[in-house]
Amino acid sequence: MSEKKIPYKIYLEEQEMPTAWYNLRADMKNKPAPLLNPGTHQPMTAEELGGVFCEELVKQELDNDTAYFDIPEDIRNFYKMYRPSPLVRAYCLEEKLKTPAKIYYKFEGNNTSGSHKLNSAIAQAYYAKKQGLKGVTTETGAGQWGTALSMACSYLGLDCKVYMVKCSYEQKPFRREVMRTYGASVTPSPSMETEVGKKILAEHPGTTGSLGCAISEAVEKAVTNEGYRYVLGSVLNQVLLHQSVIGLETKTAFDKYDIKPDVIIGCAGGGSNLGGLIAPFMGEKLRGEADYRFIAVEPASCPSLTRGTYAYDFCDTGMVCPLAKMYTLGSDFIPSANHAGGLRYHGMSSILSQLYDDGLMEAVSVKQTDVFEAAEYFARVEGILPAPESSHAIRAAIDEAVKCRETGEAKTILFGLTGTGYFDMVAYEKFHDGQMDDYIPTDEDLAKYREMLPKID
Ligand SMILES: *Cc1c(COP(=O)(O)O)cnc(C)c1O
């Protein structure tokens, strides 16, 4: 193969952007388990889901067979404001690490929301608008999803109601203001605005909230208000579908230079960026056309794949959502308060859970001080200030590259750089001041929540 000189950044032309999202489920032999009705334990029907989600999104959620979904023109036009995103050859990092490995990262931080979440936010807002809805409700933890959704809603003229985990609401006032700049209303959760919020506050006075609580509040708000639906920024099949734009662009860019990655690495919270990045590559693996190693990287303080149970569980604390079969730590699990690195959700996408259970993907967990060390190293060498979430992938990519230095293998490593960390400077500050520690849950801690998993037969 003639080695074309690989540029620092492989850009695609606008017309090279994918025109359809790829649905990985179409190529999975073992399909992800269906969502169950929390009352009857029967698979959720389109009609039942339609009370919570938009119609078109329900179709996408339930479709395990259609391989490609056309990306509507309006969504493609929105994408063009910040896509195609660059695929970067990390020459500087390779040199600094003195590794023979070739390292690439797909950078999703080049938009105001600062992460890949906008890829699904615009799609979900678009279908809500098309259905003639007034608005959408959602939860946000650190604030990236809420920011992305606010941007998408303001573009389309939809009302956007965000329940923000209370401790983030207080610790991250700037994200809150970005959301309000885009016209969203932001409520700290748990709140007195919803029945479930009141109940949680009565049971746990003074609680600083969790994603699971905020989801329950947002769902309740949507189902009790005419013209509103709930949207979710990760975990769901539809979100992984929209995020396939990341992997499809990456594949097109690699193909231009005849590059085939050996290892593909992504951080995993609910699994959307990783599911999107690996989608076309995993598709090839499932069809027997190529082989790749896939590595999900999660925080040691919230280790759903590496230490969780593969079982049906609630997606939220208030138990109002359908049950999903996934690797989970239990819906009552809340990571230690000193965990600053994001990726705090107790469960994992059903698609990724199934792939992991089938041995098609690996998972590792990393400690947060190691993550921030990698983040700072990367910022100094490659210039970009990474989000703590993204830095989990950086940590694992550096570790792989260092292994290559030891073995002399010139592997090609790809990782997803999901976003920037400008709003995470309090976490960086803790790290710099030596005030960050690595609380890792004990087996006893995890067993306590495992026992509380719903019993489904
Ligand atoms: C939300 C977020 C993640 C984790 O979410 P996934 O659904 O697992 O991709 C990772 N990185 C950034 C920057 C995020 O905002």
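What shape does the stretch 315-372 have by the C-alpha gyration tensor, where a ≥ b ≥ c are the square roots of the eigenvalues, rounded means a/c under 1.5, and otherwise prolate means a/b greater than b/c and oblate the rest?
Working: a/c = 3.16, a/b = 1.12, b/c = 2.83.
Oblate, because a/c is 1.5 or more while a/b does not exceed b/c.
If you take the charge dipole of the chain about its Cα centre, with +1 on Lys and Arg Cβ and -1 on Asp and Glu Cβ, which of THR45, VAL402, ASN338 is farthest toward its positive end?
Farthest along the dipole direction, towards plus: VAL402.
Quick check for me: using +1 on Lys/Arg Cβ and -1 on Asp/Glu Cβ, what's the dipole size of the stretch 282-331 about its Cα centre, in debye to the nearest 20?
100 debye
So how much accessible area does LEU248 have, in Å² to the nearest 10, using a 1.4 Å probe?
Rounded to the nearest 10, that gives 30 Å².
Enter the angle in degrees (range 0 to 90, nearest 10) between the Cα long axis of helix 272-286 and the first principal axis of the Cα atoms of the chain, meaning the one along which they spread out most.
60 degrees
Name the GluC sites (Glu not before Pro) in the stretch 223-312 that are in a loop by DSSP and that have at most 16 other C-beta atoms within 10 Å, would you?
GLU226, GLU289
Please state the charge dipole magnitude for the stretch 43-156, taken about the Cα centre, from unit charges on C-beta atoms (+1 on K and R, -1 on D and E), reported in debye and rounded to the nearest 20.
So the dipole magnitude of the stretch 43-156 works out to roughly 760 debye.
Please label the shape of the chain as rounded, prolate or oblate, based on the square roots a ≥ b ≥ c of the eigenvalues of the alpha-carbon gyration tensor (a/c under 1.5 means rounded; beyond that, a/b larger than b/c means prolate, else oblate).
Judged from the Cα gyration tensor, the chain comes out rounded (a/c under 1.5).
Once you charge only the Cβ atoms, +1 for Lys and Arg and -1 for Asp and Glu, what is the size of the charge dipole of the chain about its Cα centre, to the nearest 20 debye? Please report the intermediate quantities before stating the final value.
Details: 48 positive and 61 negative charges, 156 e Å.
Its charge dipole is roughly 740 debye.
Can you send over the solvent-accessible area of ILE334, 1.4 Å probe, protein chains only, in Å² to the nearest 10?
80 Å²
Counting only protein heavy atoms, what percent of the accessible surface of the chain is carbon or sulfur at a 1.4 Å probe?
On the way: 8800 of 17620 Å².
Looking at the chain in its full context, I get 50 percent from C and S.
Could you put THR420, THR306 in order of accessible surface area, largest first, with the 1.4 Å probe and the full protein assembly present?
Heavy-atom accessible area, descending, gives THR306, THR420.
So what is the accessible area of the chain per residue, in Å², with the probe set to 1.4 Å?
Per residue, the chain has an accessible area of 39 Å².
Does anyone have the angle between helix 388-407 and the longest principal axis of the chain? Alpha-carbon axes, 0 to 90°, nearest 10?
30 degrees
Output the peptides 123-131, 95-103 sorted from most to least packed, where packing is the average of other Cβ atoms within 10 Å over each peptide's residues.
123-131, 95-103
Taking a Cβ-Cβ separation under 4.7 Å as the criterion for a possible partner, which cysteines of the chain have none?
When partners are defined as cysteine Cβ atoms under 4.7 Å apart, the chain leaves CYS54, CYS92, CYS167, CYS213, CYS267, CYS302, CYS404 without one.
So what is the relative contact order of the stretch 115-194, in percent, for Cα pairs below 8 Å that sit 6 or more residues apart? If you can, show how the numbers build up before the last one.
Details: 123 pairs, mean separation 23.7, N = 80.
Result for the stretch 115-194 is 30 percent.
On a 0 to 90° scale, report how tilted helix 368-382 is relative to the longest principal axis of the chain, with both axes built from alpha carbons and the result rounded to the nearest 10.
50 degrees
Ranked highest first by average number of other Cβ atoms within 10 Å, how do 409-415, 265-271, 70-76 line up? Show your work: numbers first, answer last.
Details: 409-415: 20.1, 265-271: 30.6, 70-76: 15.0.
Listed from highest to lowest mean packing, they are 265-271, 409-415, 70-76.
Structure shown: which of LYS59/LYS221; LYS31/LYS130; LYS367/LYS430; LYS106/LYS251 lie over 18 Å apart, alpha-carbon to alpha-carbon?
Checking Cα-Cα distances, LYS59/LYS221; LYS31/LYS130 exceed 18 Å.
What number, in percent, do you get for the relative contact order of the chain if the mean sequence gap of Cα pairs under 8 Å and at least 6 apart is divided by its residue count?
Dividing the mean separation by the residue count of the chain yields 19 percent.
Would you work out if the stretch 392-437 is rounded, prolate or oblate? Take a ≥ b ≥ c from the square roots of the eigenvalues of the alpha-carbon gyration tensor; rounded if a/c is under 1.5, else prolate when a/b is larger than b/c, oblate otherwise.
oblate
For TYR68, what accessible area in Å² do you get when you roll a 1.4 Å probe over the heavy atoms of the protein chains, rounding to the nearest 10?
Counting only protein heavy atoms, TYR68 exposes about 130 Å² to solvent.
The values are calculated or read from the model by the stated rules, or taken from the named source; none is laboratory data. Since the model is a prediction, treat every value here as computed from it, not as a measurement. Every residue, glycine among them, receives a Cβ derived from its backbone with ideal geometry; neighbour counts consider all protein chains shown. Just the protein is used for accessible areas: all its heavy atoms, side chains included, with ligands, DNA and RNA removed. Shrake-Rupley method; radii C 1.70, N 1.55, O 1.52, S 1.80 Å.
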